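Here's the structure, in structure tokens; my notes come after.
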Amino acid sequence: MKKRALITGVTGQDGSYLSKLLLEKGYEVYGIQRRSSTINTHRLDQILKDRTINKNFFLHYGDLSDGTNIVRLVSEIQPDEIYNLGAMSQVQISSDSPEYTANIDGVGALRVLEAIRICGLENKTKFYQASTSELFGKVTEVPQTEKTPFYPRSPYGVAKLYAHWITVNYREMYNLFACNGILFNHESPIRGEEFVTRKITKMVAKIFCGQQGVLSLGNLDTKRDWGYAKEYVEGMWLMLQQESPGDFILATGKSTSVRELVELVFRFIDIEIEWIGERGSLDEIGINKKTGKLLVNIDPRYYRNNEVDLLLGDPSKAKEILGWEAKMNVGELAYKMLRSDIDQINHNNKILNISNRIDAI
Ligand code: NAP
Ligand code: GDD
């Protein structure tokens with residue numbers, strides 16, 4: 001019998017990488033997809049078209065707000081592993097929809113855990129919760145470890161805090177094999193375009209391909225620990241393969257500011273950014289040092305009320321127990337994303353070679 005995995009959030013960045021990984025490992029993968037008026041499966045196209053693996057891949061309509069739907073799917077599929085990746089995952093937007101975020105990101109996890117119990121699968125089904133470094137919020141120590149106190153700074157962080165603790169509680173109350181993966185930011189060429197890394201690589205790709213544009217950003221001086229999503233889903237899987245369940249940080253152990261990332265990505269296309277105006281003010285701009293052309297400005301709409309200033313994870317527990325370690329550094333990751341964004345714009349394959357600029361990392 002093949003192992004069966006059920007994934008919520010299968011159409012997202014991590015859902016698509018995890019599906020591919022599990023299919024390659026010989027699993028049957030069942031994904032919960034939201035009904036939408038536009039097609040939302042583009043990240044799954046590769047899998048859906050690949051005959052060698054798509055026979056083991058099944059999509060079902062559902063929603064984390066719909067408890068009966070989740071119970072029915074868990075009862076029908078009888079999964080060995082459930083990965084709860086579904087979420088309203090944009091931190092800033094969670095302030096516009098705090099109640100929705102609490103319902104999906106917080107209570108949604110409870111619905112999945114209850115479905116396991118209602119179906120009597122406590123001894124069969126292992127559960128992974130997509131927990132987050134946003135829980136550390138206003139950080140109380142640097143770097144953050146599994147023992148660092150939580151101090152979330154957004155409705156997203158607070159909703160995820162509930163999901164984190166209810167997962168720990170179900171583990172302790174019902175002896176469920178339930179793990180929290182406390183993942184620091186992880187990105188890829190299929191990262192959502194409203195996240196800062198992809199926003200930067202997409203705009204720089206446009207500029208490189210001769211299109212007009214200015215990169216409008218918020219706070220340039222926040223720091224994140226950015227890793228590669230494809231490596232992080234392997235860590236999720238490893239958590240569920242251990243003898244006993246636990247909570248693990250996945251991170252690179254290095255952090256970079258948004259400002260440094262902007263400079264790095266422009267350097268790949270041979271542009272050096274010069275910052276003009278008071279550092280950290282709304283008037284600060286970034287220009288092409290050679291030509292004086294405006295390339296970066298600050299838009300207050302992207303500033304956050306309760307900013308999380310610095311995230312830096314200590315991944316030692318994952319290394320020691322899971323044997324997991326991040327391999328790709330932020331420079332290689334940014335290069336990969338930029339290359340992919342250029343290739344998407346440059347359909348005609350005009351020769352736009354940035355490969356010799358990898359040494360800008
Ligand atoms: P993502 O690309 O935004 O994907 C989120 C997924 O959740 C999408 O498939 C989305 O469906 C689905 N979803 C949204 N609302 C839902 C609902 N009401 N019911 C069911 N599914 C719903 O996020 P990601 O980057 O892959 O992240 C995966 C998970 O890890 C999320 O829970 C996120 O909060 C967490 N996380 C991410 C990071 C990171 O840096 N990427 C770090 C820590 C934790 P649609 O495609 O229909 O929108
Ligand atoms: N999105 C965005 N857009 N962020 C900007 C911008 C901008 O124009 N300008 C500056 N930033 C700053 C944000 O203020 C934040 O400090 C940082 O860039 C990263 O923002 P995001 O890329 O939106 O990611 P995030 O850190 O808020 O959240 C992501 O990582 C979390 C884990 O730490 C998401 O994937 C969450 O779902 C995840 O839990």
Say we look at the range 160-199 and pick out the residues that are in a loop (DSSP other than H, G, I, E, B) and among the aromatic types (Phe, Trp, Tyr); which of these is farthest from ligand 2 (Cβ to nearest atom)? PHE177
Among (1) more than 13 Å from ligand 1 (Cβ to nearest atom); (2) farther than 27 Å from ILE32 by Cβ, where does GLU114 come up short? (2)
Please verify whether the range 139-156 includes one or more residues that are of a type outside the set (Val, Ile, Thr) and in a strand (DSSP E or B). yes
Among the residues of the range 129-147, is any more than 10 Å from ligand 1 (Cβ to nearest atom), charged (D, E, K, R), under 17 Å from THR167 (Cα atoms) and within 20 Å of the chain's Cα centre (by Cα)? yes
With ASP299, ASP283 as the choices, which residue is more than 29 Å from ARG43 (Cβ to Cβ), in contact (Cβ under 8 Å) with a residue 12 or more places away in the chain and surrounded by fewer than 18 Cβ atoms within 10 Å (Cβ to Cβ)? ASP283
Go through the range 177-210 and report how many residues are in contact with a Phe, Trp or Tyr (Cβ under 8 Å, 6 or more places away or on another chain) and not β-branched (Val, Ile, Thr). 11
Filter result (part of a strand (DSSP E or B) and surrounded by fewer than 19 Cβ atoms within 10 Å (Cβ to Cβ)) within the range 200-237: SER216
Given (1) more than 12 Å from ligand 2 (Cβ to nearest atom); (2) part of a helix (DSSP H, G or I); (3) touching a residue at least 24 places away in the same chain (Cβ under 8 Å), number of the condition ARG259 does not satisfy: (1)
So, in the range 73-102, how many residues would count as being within 16 Å of ligand 2 (Cβ to nearest atom) and either in a helix (DSSP H, G or I) or touching a residue at least 60 places away in the same chain (Cβ under 8 Å) (or both)? 17
GLU307 vs. criteria at pLDDT 95 or above, within 13 Å of ligand 2 (Cβ to nearest atom), farther than 18 Å from LEU264 by Cβ and out of contact with any strand residue (DSSP E or B) (no Cβ under 9 Å at 6 or more places or on another chain): yes
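The values are calculated or read from the model by the stated rules, or taken from the named source; none is laboratory data. Not measured: the values here are computed from a predicted model. When we count neighbours, we look across all protein chains shown, and the Cβ atoms used for this are built from the backbone with ideal geometry, even at glycine.
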